[in-house]
Amino acid sequence: RLTHISGILFAMFVWLANNSNPPTGQTGAPFDSGNCNGCHDGNSYTGTVEVTGMPATVAPSTVYPLTITLTPSGGSPVKGGFQLVAVDGNNTNSGNLTNSNAQSGTEFFNGREYLEHRGGKTFGGNPISWSFTWTSPASAAGNTIKFYFIGNFCNGNGGSSGDIAYAFSETYPFAGGVPVTAV
């Protein structure tokens, strides 16, 4: 009986820890150790994850206000979360991610900076989003910037079964020139 109670307490601790601060390095990028589906699996929710605010071409040393949005399109997920990383053409950390409020935070893992949720958000039948800023680097290997990001669509049962995550990536050309501040 004590073992059963200990197992329940351990599972609750793991869920609470991941809800407020998920394991880093789970975007599905080729250099990551996996993705959120390593733990969150077993559902067929559908949806999209999108980063908005990026220009067609990235300027050096420029601050970009960005938003990551999870939009469910099938099923009825209850909560959602995300993780994101920005790299250059050599998969080296690129730029600086800054959270806009306590709903997200940054962590370094294997030399790369990740931005991730700090407590999942409730869908309530609508998309959910987090705002943040990204400051582009002064230069970028391969003259490219690539964002890897993943969104987790969860059933809200306090465990990791019955959830699903979708990983995406976007590549942007990097151009030299005079730094500007995006508006």
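Within the stretch 140-166, residues that are closer than 20 Å to Leu84 by Cα and acidic (Asp, Glu) have Cβ atoms under 6 Å from residues that are assigned to a strand (DSSP E or B) and modelled with pLDDT of 90 or more in these pairs: Asp163/Cys154, counting only partners at least 6 apart in sequence or on another chain. Residues in the stretch 37-65 that are open to solvent by 40 Å² or more (accessible area, probe 1.4 Å), assigned to a strand (DSSP E or B) and either in contact with a Cys (Cβ under 9 Å, 6 or more places away or on another chain) or in contact (Cβ under 8 Å) with a residue 24 or more places away in the chain (or both): Asp41, Gly42, Thr46, Thr48, Glu50, Val63, Pro65.
With the structure loaded, tell me whether Gly111 is without any contact (Cβ under 8 Å) to a residue 24 or more places away in the chain and either at negative phi or of a type outside the set (Ser, Thr, Tyr) (or both) or whether it fails that test. Against the criterion (without any contact (Cβ under 8 Å) to a residue 24 or more places away in the chain and either at negative phi or of a type outside the set (Ser, Thr, Tyr) (or both)), Gly111 qualifies. Is at least one residue of the stretch 66-73 crowded, with 18+ Cβ neighbours inside 10 Å and part of a loop (DSSP other than H, G, I, E, B)? The answer is no; no qualifying residue exists. Scoring Lys146 on the criteria (1) open to solvent by 20 Å² or more (accessible area, probe 1.4 Å); (2) not in a strand (DSSP E or B) leaves a single failure, condition (2).
When you look at Asn152, is it within 23 Å of Ala29 (Cβ to Cβ), of a type outside the set (Val, Ile, Thr) and either modelled with pLDDT under 95 or in contact with a Leu (Cβ under 8 Å, 6 or more places away or on another chain) (or both), yes or no? Spell out the reasoning first.
On the way: within 23 Å of Ala29 (Cβ to Cβ): yes; of a type outside the set (Val, Ile, Thr): yes; either modelled with pLDDT under 95 or in contact with a Leu (Cβ under 8 Å, 6 or more places away or on another chain) (or both): yes.
Against the criterion (within 23 Å of Ala29 (Cβ to Cβ), of a type outside the set (Val, Ile, Thr) and either modelled with pLDDT under 95 or in contact with a Leu (Cβ under 8 Å, 6 or more places away or on another chain) (or both)), Asn152 qualifies.
For Gly159, the requirement of being within 18 Å of Pro22 (Cα to Cα), at pLDDT below 95, under 15 Å from the mean Cα position of the chain (by Cα) and not in a strand (DSSP E or B) is not met.
Check whether at least one residue in the stretch 111-131 is open to solvent by 20 Å² or more (accessible area, probe 1.4 Å), touching a strand residue (DSSP E or B) at 6+ places or on another chain (Cβ under 7 Å), basic (Lys, Arg) and closer than 22 Å to Thr92 by Cα, and report yes or no. Yes, the stretch 111-131 contains at least one residue that is open to solvent by 20 Å² or more (accessible area, probe 1.4 Å), touching a strand residue (DSSP E or B) at 6+ places or on another chain (Cβ under 7 Å), basic (Lys, Arg) and closer than 22 Å to Thr92 by Cα.
Would you call Tyr166 modelled with pLDDT under 95 and within 20 Å of Asp32 (Cα to Cα)?
It is true that Tyr166 is modelled with pLDDT under 95 and within 20 Å of Asp32 (Cα to Cα).
Looking for whichever is free of Cβ contacts under 8 Å to residues at least 40 places away in the same chain and not hydroxyl-bearing (Ser, Thr, Tyr) here; the options are Gly34, Gly81. Which one fits? Of the residues listed, the single one that is free of Cβ contacts under 8 Å to residues at least 40 places away in the same chain and not hydroxyl-bearing (Ser, Thr, Tyr) is Gly34.
The values are calculated or read from the model by the stated rules, or taken from the named source; none is laboratory data. If you're wondering where the values come from, they're calculated on a predicted model, not measured in any experiment. Methodologically, a virtual Cβ is constructed for each residue, glycine included, from the backbone with ideal geometry; neighbour enumeration extends over all protein chains shown. Just so you know, the surface numbers come from the protein's heavy atoms only, side chains and all, with ligands and any DNA or RNA stripped out. Shrake-Rupley method; radii C 1.70, N 1.55, O 1.52, S 1.80 Å.
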